[in-house]
């Protein structure tokens, strides 16, 4: 690369500086440019990512090593077995951010997931681009934006089915834009998603349907009642100002969903296997890793992602051994202590 790429946004440092100067101006996201990807937040008190990091760093772990063994991290998700509970998050548009147009980071990420035998997620891409990306990889979850045109949502669900997606879902948290109106991404109008809408989408497919962007017991219960089979506890890299950390509300959500058989994923500033351990110990079934692999993906492609996930898997295994966790069914939240 000829210019350093910011790992959180996919923007060049020059683009990032220009973007920050724009403050909260609501500009559609024509390409090239970082808008429509992970939003740039302030780094101040309104930045939910600041609170993510602080909360994660204040979760401490007690040691339980007697009788501990090397753990089996095999993880079952939607009836399929994977090598790890670390899944590759639903990033978007990365094929448009590099100066080297011969590279396709979205396909590289898909290939890395296949080589690692972990679940891959894909965010907002056209149907044509989505088909090209999944051709390079293995098991995939497709996440769709809350388009104002609900027929577009139903169409993208059908394409996901045709391309053998493992599951499909919708970003329920990407409704507002920074001007307080429905967002516009890549020139496409987004809109409201009601519980009845979710019920329609979930009923339209035989695939497990996922509500991504749940950050309250209220929305978790609405997703359950709408027929969703899974949720992602997340605030979409800090879309909501002053957002509560996903791990802070995760235990309440898990308790509320007891007996529902819903799969519960979580993300939010999980940058290491140690961070992932804390989410899994709290009761998440699996985690999404996004910003934690972006620098490696943009710099070194599939090989970089594979190396980073192996490091994170080693960190996760280390913490599991330190706390007597033998497999994915034996995590115990009582090892965690919040350091207030």
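Nothing in this text is a laboratory measurement; each read-out follows from the coordinates by a stated rule. Predicted model only: the values in this text are computed from it and were never measured. For neighbour counting, all protein chains shown are included, and Cβ atoms are generated from backbone atoms with ideal geometry for every residue, glycine included.
List of remarks:
- Near-label residues of region 290-329 by backbone N, under 15 Å of a point 7 Å along Cα→Cβ of residue 42: none
- Taking every C-alpha pair closer than 8 Å and separated by at least 6 residues, the mean separation divided by the residue count of region 61-338 gives a relative contact order of 22 percent.
- Sorted peptide list for 188-195, 274-281, 305-312, criterion being average Cβ within 10 angstrom, highest first: 274-281, 305-312, 188-195
- The residue 100 and residue 329 beta-carbon pair, evaluated with R₀ = 56 Å, returns a calculated FRET efficiency of approximately 0.80.
- Helical mean residue ellipticity (222 nm; -39500 (n - 2.57) per DSSP H run of 4+; nearest 500) of the chain: -11000 deg cm²/dmol
- For region 298-322 versus region 52-95, the spacing of their alpha-carbon centroids is 10 Å.
- Listed peptides 293-299, 207-213 by packing density, highest first (mean Cβ within 10 Å): 207-213, 293-299
- Peptides 256-264, 226-234 ranked from most to least packed give 226-234, 256-264, packing being the mean of other C-beta atoms within 10 angstrom over each peptide's residues.
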